[in-house]
Structures are given as structure tokens and as C-alpha cells.
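Beneath this line is the structure, given in C-alpha cells, with notes to follow.
The values are calculated or read from the model by the stated rules, or taken from the named source; none is laboratory data. The model shown is predicted, which means the values in this text are computed figures rather than measured ones. Cβ sites come from the backbone with ideal geometry, for glycine too, and all protein chains shown count toward neighbours.
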Amino acid sequence: MIDLYRAGVPVKEIVRQTGVNRSTVYRLRGQTGLERSHRFTDEDCAQAILLRQQGLTIAEIAKRLGLSGMTIGRHLAAAREE
């Protein structure tokens, strides 16, 4: 499981492949001293906005950027408010 995480596999996919709970992945990540594999950057935001303007769904954008749909949706909503 940790090898998948180190390889950059999103937590959602690790959960799907292994059948463990998401919190288990996070707990093991913390126990092994690993950092989050990806933080949402300004570049990610710009890419998400562009992809949304091109008609991609939030789920499609999330998959492409390797982030959760909740993260993408939250940042797109914040960008609209600015």
C-alpha cells in the first residue's frame, strides 16, 4: 500500500485496489513519515480552470491532475469568488 502511495497513486485508487479504508492509508502514511504526494498549486488551479472552460467535468479534471474531486471543486469555487 505504501509502495503505491510512493509511486504517486492517488489515495482513492489505493483504496479501490486494496479495499482498505482511506483513513488507514492516511494513518500508514503518517506512521512512515511520508508527506502528502501532491499539494494544490497555483499552476494546478490555472490548469483546472482551463480544463473546466474546455468542458471537462470536475471528476475528469480531478483524475487528470491526480487530486480529489472535492479539492478541485473547492478551489474552482474559490477562484470564481475572486
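Just one of the numbered conditions (1) surrounded by 15 or more Cβ atoms within 10 Å (Cβ to Cβ); (2) modelled with pLDDT under 95 is not true of Thr41; which one?
(1)
Arg16 versus (1) surrounded by 13 or more Cβ atoms within 10 Å (Cβ to Cβ); (2) of a type in the set (Lys, Arg); (3) within 14 Å of Met1 (Cα to Cα): which is the lone unmet condition?
Failed condition: (1).
Scan region 29-53 for residues that are outside any loop (DSSP other than H, G, I, E, B) and either in contact with a Gly (Cβ under 7 Å, 6 or more places away or on another chain) or free of Cβ contacts under 8 Å to residues at least 24 places away in the same chain (or both) and jot them down.
Selection gives Gly30, Gln31, Asp42, Glu43, Ala46, Gln47, Leu50, Leu51, Gln53.
Return the total of residues in region 62-82 being hydrophobic (A, V, I, L, M, F, W, C) and touching a Gly at 6+ places or on another chain (Cβ under 8 Å).
Counting residues in region 62-82 that are hydrophobic (A, V, I, L, M, F, W, C) and touching a Gly at 6+ places or on another chain (Cβ under 8 Å) gives 1.
Just name the residue that is farthest from Gly66 (Cα to Cα) out of those in region 2-13 that are surrounded by 12 or more Cβ atoms within 10 Å (Cβ to Cβ), of a type outside the set (Val, Ile, Thr) and modelled with pLDDT under 85.
Once the filter is applied, the top-ranked residue is Arg6.
Among the candidates Leu76, Leu56, Leu67, single out the residue that is surrounded by 11 or more Cβ atoms within 10 Å (Cβ to Cβ), of a type outside the set (S, T, N, Q), modelled with pLDDT of 90 or more and not in a helix (DSSP H, G or I).
Every option except Leu56 fails the conditions.
Of the residues in region 19-38, how many are surrounded by 14 or more Cβ atoms within 10 Å (Cβ to Cβ) and either under 18 Å from Ala77 (Cβ atoms) or of a type in the set (Gly, Ala, Ser) (or both)?
Of the residues in region 19-38, 1 are surrounded by 14 or more Cβ atoms within 10 Å (Cβ to Cβ) and either under 18 Å from Ala77 (Cβ atoms) or of a type in the set (Gly, Ala, Ser) (or both).
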